[in-house]
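Any read-out appearing in this document is the output of simple, stated calculations on the displayed coordinates, not a laboratory observation. Just so we're clear, the structure is a prediction, and the values are computed from it rather than from any experiment. FYI the Cβ positions are ideal-geometry reconstructions off the backbone, even for glycines, and counts take in every protein chain you see.
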Amino acid sequence: MAKTTKAQEQSLESIMWNCRNALRGTVGGNETNRDVVMGLVFLKFAGDKFEKRRAEIQEEYGDVPAFLEKASFYLSKNVFYLSETSRWSYIVKNASANDIAVIIDTAMKDIEDGNPTLKGALPQNRYTTLSAIRPEQLKSLIDEVNKIDEKRFHEKDLIGRVYEYFLQVFAIDSGTGNEKGEFYTPASIVQLIAEIIEPYSGVVYDPCCGSAGMFVSSIKFVERHNGDRLKVSVVGQERTPETWRLAKMNLAIRGISHNLGDRPESTFAEDLHRDKKVDFIMANPPFNLKLNAQGVTQDKLNGDPRWDGYPAPPVSNANYAWILHMLSKLDVTNGIAGFLLANGALNAGGVEGDIRKELVENDKVEAIIVLPREMFYSTDISVTLWIINNNKKARSLNGRQLRDRQGEVLFIDLRRWNENIYEKKYVQFSDKQIADVKKIYADWQTGKGYTNIPELCKSATKAEITAQKYSLAPSKYIEFIDHDLEIDYASEMKRIQGELREVLKAEKQSQAMLEEAFRGIGYGIE
């Protein structure tokens, strides 16, 4: 029997952990280390897909260079063509070379030049400028990434699992403040949004797409429900260059066609999809973003057609600018959006309160779902999921007959669903919890099986919301039980008094034994 080596026994998690730690202690910073790791992961999976396709071509046409090196034979199967020196096997072979950083940077440039869909996506001259990272560290990282192999780990979506892991852990490592960690939205929240808005077919849009997690989840949703991923297209925008490239790599390596614009750009500075109307929106905008700090003036907002029919949002806080921007993008007949905002937007006054009033009066808000604390790596506050729907009328949708929900809003409070902990402090939803929330929402939409549940959910009318001065805080509508009233104070006091008597009795016995012991050795007790 062949002896199993330690390397063969090594788990995928331990390999990814080693990758994560390979560059620890360098002075390049977390974002630099993230990009270094993610770039190599991209090269590894692009190389694996290339070699797999190359073997298919070889089997069909033989060992003929004219066929094996024909780029169209790869691109037609959604596989990137790689020149010999840009293939992962070449990088592994030369991992110990003093110029390995040059080899990697050259590979990145050649791959991008040879594959138009990757234009601007891959890091350029990143590895040769890493003066803080020693060649032996880079070799160690290459060796670890090389162990992530489909032949060893028969995962259905190995690429997805590895990308998800690194995006998550680097987001956690980013810490809090200064909008850090915003490039990644926790996977269970993204899955919840997808399950609620059901993007089976059509255009999915994200105006601040980060590392493209919303788009990936929309495709996963379709595949999870045995749909056709080719019926979904994704359109988005991202203003941070490094994150924009990360998003393009994330989508490209998974074979998801996309349009993220020809450059990174702020949605408010310049809408790269100005005339685009979409069927679905999934988004996690930066919480409480200050537009005036980014050079956007109130005069520019005042004249913007995106909020026609509504007061112009303030530059001091972009929450309602995001809402109105997304509303302007939605298909006016059936468009639906699921997006996240800080809880402060539920009660904000002034101009924001006026906008919220119009949103309620225009019947755009379908559901408000408050999430638990500690779900995000960038903040520990509780956050709200908003569902905006342009069609709340009775109709047939995805095999269900929906009732007329005009003039109603569903409120759900999930703040107590915080028992599922990972990475010591962060909360995530289980698949069952996501299914439970979807059932509440679907039952409410159909009118079959739904009931208001104290401390969990409530269907409120427009009249009730008006009476609360258009607040959308679920606590204004969901019934909360005063559990103090459930206590039988007489029996509780009797139980406590009984316990006190037992404690006093035990103390007296201990004191008596102590006095007896001291007398036995000739000491008196005062």
Q | Rounded to 5, the percent of DSSP beta bridges in the stretch 187-476 classed as antiparallel | A | 55
(Q) Is there a quick way to get the dipole size of the stretch 6-169? I mean about its Cα centre, with the Cβ of Lys and Arg at +1 and of Asp and Glu at -1; what is the value in debye to the nearest 20? (A) 280
Q) Assigning unit charges at the beta carbon (Lys, Arg +1; Asp, Glu -1) and nothing else, what dipole magnitude in debye, to the nearest 20, does the chain show about its Cα centre? A) 760
Q: Find the all-direction average of the projected area of the Cα convex hull for the chain, expressing the result in square nanometres with one decimal place.
A: 39.9
Q.
In the stretch 181-207, whose amide N lies under 17 Å from the spot 7 Å out along Cα-to-Cβ of Glu223? List them in ranges.
A. 187-188, 190-192, 194-195, 199-201
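With respect to the cross-link table entries Lys77/Lys156; Lys44/Lys438; Lys300/Lys476; Lys276/Lys469, which display a Cα-Cα separation exceeding 28 Å? It would help to have the intermediate numbers written out before the result.
Details: Lys77/Lys156 19 Å; Lys44/Lys438 37 Å; Lys300/Lys476 35 Å; Lys276/Lys469 34 Å.
From Lys77/Lys156; Lys44/Lys438; Lys300/Lys476; Lys276/Lys469, over 28 Å: Lys44/Lys438; Lys300/Lys476; Lys276/Lys469.
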Q.
I need the calculated FRET efficiency for the pair Val351 and Thr461, taking r as the beta carbon distance and R₀ as 25 Å, to the nearest 0.05.
A. 0.45
Q) Using +1 on the beta carbon of Lys and Arg, -1 on that of Asp and Glu, and nothing else charged, what's the dipole of the stretch 187-476 about the Cα centre, debye to 20? A) 480
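Peptides 208-216, 36-44, 163-171: what's the order by average Cβ count within 10 Å, highest mean first? Intermediate values should be presented prior to the final figure.
On the way: 208-216: 27.7, 36-44: 23.1, 163-171: 20.4.
Most protected by this proxy first, the peptides run 208-216, 36-44, 163-171.
Looking only at the chain, where both bridge partners belong to it, what percent of the DSSP beta bridges are antiparallel (to the nearest 5)?
On the way: 23 of 41 bridges.
So the antiparallel bridges amount to about 55 percent of the total.
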(Q) Using a Debye calculation, one point per C-alpha and no hydration shell, please list log10 I(q)/I(0) for the stretch 187-476 at q = 0.15 Å⁻¹ in order. (A) -1.25
**Q.** Sum of -39500 (n - 2.57) over DSSP H runs of 4+, divided by residues of the chain (222 nm, nearest 500)
**A.** -13500 deg cm²/dmol
Q) Counting only complete DSSP H runs, which helices of the chain cover 20 Å or more along their long axis at the Cα atoms and score a mean Kyte-Doolittle of -1.0 or above? A) 30-61, 100-114, 158-174, 431-446, 489-520
